[in-house]
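Data first, discussion second: the structure below is written as structure tokens.
The values are calculated or read from the model by the stated rules, or taken from the named source; none is laboratory data. It should be emphasised that the depicted structure is a prediction, and the values quoted were computed from it without experimental measurement. Backbone-built Cβ (ideal geometry, glycine too); neighbour counts: all protein chains shown. Side chains included, ligands, DNA and RNA excluded: accessible areas come from the protein's heavy atoms. Shrake-Rupley method; radii C 1.70, N 1.55, O 1.52, S 1.80 Å.
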Amino acid sequence: MAERKRKKTGSRARSFRRALVKVLIGLGLVLAIALGAFLIRYYYIFDGTIEQKLGNRRTIAATRIYSAPTLLRPGKSLSLPELRARLRRLGYEEGNAAPGMAGFRVTGPERLLVRNDASSPVDPGRAAEIRTRGPRIESVLHPDSLTPLESFGLRPELLSNVIDERREKRREVAYDEIPQVLVDAVLASEDRRFFSHGGIDPIRILKALIVDIRAGEAAQGASTLTQQFVKNYFLTPERTLRRKFADAYMSVLLERRLTKRQIFELYSNEVYLGQVGTFSIVGFGEAANAFFHKNIRELSLEEAATLAGIISAPNRYGPLRYPQRALERRNLVLDLMAGYGMISPGQRDEAKARPVVVQPTTLLDYSGAPYFVDYVQERLLGRYGADALAHSKFRVYTTLDTDLQRAAFEAVEGEMGALDEILAKRAEPVPPGTVQASLIAVDPKNGHVLAMIGGRDYGASQFNRITESKRQPGSIFKPLVYAAALETAYSKADPLTAATLLLDRPTRFQYEDTSYEPHNYNQEYLGQVSMRQALTRSLNIPTMKLAETVGFGRVRELALRLGLNEEIQPFPSIALGSFEITPLEMVRAYTAFAAGGLLSPLTPITAVTGEDGAPGPEEKEETVQALTPEVAFMITSLLQSVIDRGTGAGARSRGFSLPAAGKTGTSHDGWFAGYTPDLLCIVWVGFDDNRELKLSGSQAALPIWTEFMKKAADLRPLGGGSFEPPEGIVQVEIDPTTGLLATERCLQRLQEYYIQGTEPTLLSYGNNYAQADEGGAPVSIYATPRGQAAPR
């Protein structure tokens, strides 16, 4: 009986176990199916996300903006070491470059052979031998025949990607451009088994778990490089289990889709490496430039370790703000590299012995040319629209001369530092850095913008004072008044000339129902002066009389003809520049004076090409003949007097000796506009809140202009020759006190230019008073008497 009970009980137990196993198997199958369905569902979600974002990785940041090619010319200020450093930064391979690659090699003590690849926009596939002597290029020669070349063009320098609302600076690089020391440093620091795991690293996860348990907190991360890229590129930074599952799963999927080299390349171009001013530094290519002013190929072992060391916390270990923390992190990476056998102990110790040498960033001044890049981007948005630009991968070739940009930055920085010291000594001291400055340099022959400084510190203010700041130009507007006066050669029986006599004394001008009584600067009045003397000394009263004689409406018409804005009104104050314009408007107007009357459209862009190299649509603006060549030359001649012996003579005393024309301007601000036959530059100095600077243009702006032009003369040919008069200009000897032809009785004589047909034909018998006593025609305070010659 007992035996039967035991058998029955055992049978029920076996039945129960079999049922339980079936239930568990059933539950397992359900869970497996559910898990499978779950994984399949998220496979399609995550795989679709990867497909979409990788497929659309041609964002606005893919458009690249380049400088103008650097032209190597005899006489250019560039030593052999500086040339080698520049070539390396531009990506030229040093030594025996592969066929078809851009490269260079030193062939002698002061001799270098450089070769372009076929894609270079200037001198493609060509080579040149560059010989230097001390700090300058002595000759540029054909490499085979050694015949002299006028110049040799290097490839353009990458200035920036197009900046979107995230303000990210990038320089995308290919895997083959990344030096092995940087690859090893990143692997040692972040993911030693990157090239062997499948997206997640179980060994590292286990080690991190042990460390966390011992520490009692999350003390060590276990993310692979693939997971870091997935988290930063595809996902949000939230710390949740769902996000951790997503980055692990997507990492495995990404590893099945791309090769390890492709993933490392993506990581290298997307890793965040800190902040410089208002810019986020994204990718090793941009970091190499921002922190070390180098091409990524040039990075040394210690520099590579520095970049790898800051990945985990860029704003805590950034070498610009925290060099000691960066050094400690760098040394930790070097220890790891030696421990993993990537470098020898000797290499480690040698690298650790060196300090962290970070170049003062040029990203926010001359090398990045940020104000210029913003200006280019505005033009691109106007040409293509935001949507088209966001989905294109353009190469934008600009007019920026990187040597002149650096010269402009150094001139502004140096002279504004000196000005800060002066302003700090006032009864009400002005804090250093408060006064702002801007500078623009253009080629007057074609309107190419060669350099642009929109303010003293782009990191502190992105407001571009060249393109956006409207200010009263003061006396740099006066040449337009004199141009309108000289145009009477084509319309009046008694035209105004450079020798026209004007009376400089306090005068009240009546306009409609309003009276206007301007004063000269410093309340000085000179009595009778010629038109040339009036502009040379920047006298307000004679200028007002000229404008009144010509007509304020004609002065306005000429201003509009030269591209100034239509808010200018024909009031008496127009003669003294009391309306508001931007420096960009004013520099364009001056191109007409410097280029024989031709008004060129200003452009920062020479070409835009697509990803395939095909040219994009062009923005066509025509050059117009805004002034006759004769009027343009006469204004230039008058402005040469300003620099040689007038309010701009400080340029000569400061050492600038090339033929030049220019004009000071003083309103609430200080201005200087000046040019040679090949380079036009305008400088503005003032307060952003428009309070009065209480310094003249010759005190505030002229020193910056002079220093820039002196540096520019060492960097590009500025034409040692003078301004050549056109055919319609004649030169005669006159008595400056009467404006008539000089005779042996004249105590003063000088050579004066005239538009042909306006030169005097009467002889001068002495000064203007004796002339009247002798029965000659009376001398007007406006116009010099003339003979019967008809105006041209």
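Scanning the stretch 456-486 for residues that are buried (at least 21 other Cβ atoms within 10 Å of the Cβ), of a type in the set (Gly, Ala, Ser) and in contact with a strand residue (DSSP E or B) (Cβ under 8 Å, 6 or more places away or on another chain) yields Ser469, Gly474, Ser475. Only one of the numbered conditions (1) modelled with pLDDT of 85 or more; (2) in a strand (DSSP E or B); (3) touching a helix residue (DSSP H, G or I) at 6+ places or on another chain (Cβ under 7 Å) is not met by Ser160, and that is (1). Are any of the residues in the stretch 620-634 more than 17 Å from Lys445 (Cβ to Cβ) and touching a Lys or Arg at 6+ places or on another chain (Cβ under 7 Å)? No, the stretch 620-634 contains no residue that is more than 17 Å from Lys445 (Cβ to Cβ) and touching a Lys or Arg at 6+ places or on another chain (Cβ under 7 Å). Considering the stretch 214-246, and only residues there that are of a type in the set (Gly, Ala, Ser) and assigned to a helix (DSSP H, G or I), the residue that is modelled with the lowest pLDDT turns out to be Ala215.
One line per residue, one yes/no per condition, for (1) more than 30 Å from Arg166 (Cα to Cα); (2) at pLDDT below 70; (3) among the charged types (D, E, K, R):
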| residue | (1), (2), (3) |
| --- | --- |
| Thr9 | yes, yes, no |
| Arg17 | yes, no, yes |
| Asn56 | no, yes, no |
| Gly75 | yes, no, no |
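Taking the criterion of being open to solvent by less than 10 Å² (accessible area, probe 1.4 Å) and either out of contact with any helix residue (DSSP H, G or I) (no Cβ under 9 Å at 6 or more places or on another chain) or part of a loop (DSSP other than H, G, I, E, B) (or both), the residues of the stretch 487-496 that qualify are Pro495, Leu496. Taking the conditions (1) in contact with a strand residue (DSSP E or B) (Cβ under 8 Å, 6 or more places away or on another chain); (2) open to solvent by less than 50 Å² (accessible area, probe 1.4 Å); (3) modelled with pLDDT of 95 or more; (4) more than 20 Å from Ser696 (Cα to Cα) in turn, His448 satisfies each one other than (2). The strands (runs of 3 or more DSSP E) found wholly in the stretch 648-760 and carrying at least 2 residues that are surrounded by fewer than 24 Cβ atoms within 10 Å (Cβ to Cβ) and over 23 Å from the mean Cα position of the chain (by Cα) occupy 729-735, 750-755. Taking the stretch 247-264 as the range and being modelled with pLDDT of 85 or more and buried (at least 20 other Cβ atoms within 10 Å of the Cβ) as the test, the residues that pass are Ile263, Phe264.
Each residue in the stretch 616-633 was checked for being within 19 Å of Leu381 (Cβ to Cβ) and open to solvent by 50 Å² or more (accessible area, probe 1.4 Å), and 5 of them qualify. Set side by side, the residues Glu428, Glu413 differ, and just one is in the same structural domain as Pro703 (by the TED database) and surrounded by 16 or more Cβ atoms within 10 Å (Cβ to Cβ), which is Glu413. Among the residues making up the stretch 763-792, those that are open to solvent by less than 70 Å² (accessible area, probe 1.4 Å) and at pLDDT 50 or above are Ser764, Gly766, Asn768.
Which pairs have Cβ atoms under 8 Å, sit 6 or more apart or on different chains, and link a residue in the stretch 675-688 that is in contact (Cβ under 8 Å) with a residue 12 or more places away in the chain to one that is basic (Lys, Arg) and assigned to a strand (DSSP E or B)? Taking only residues 6 or more apart or on different chains, the pairs are Trp684/Arg471; Gly686/Arg471.
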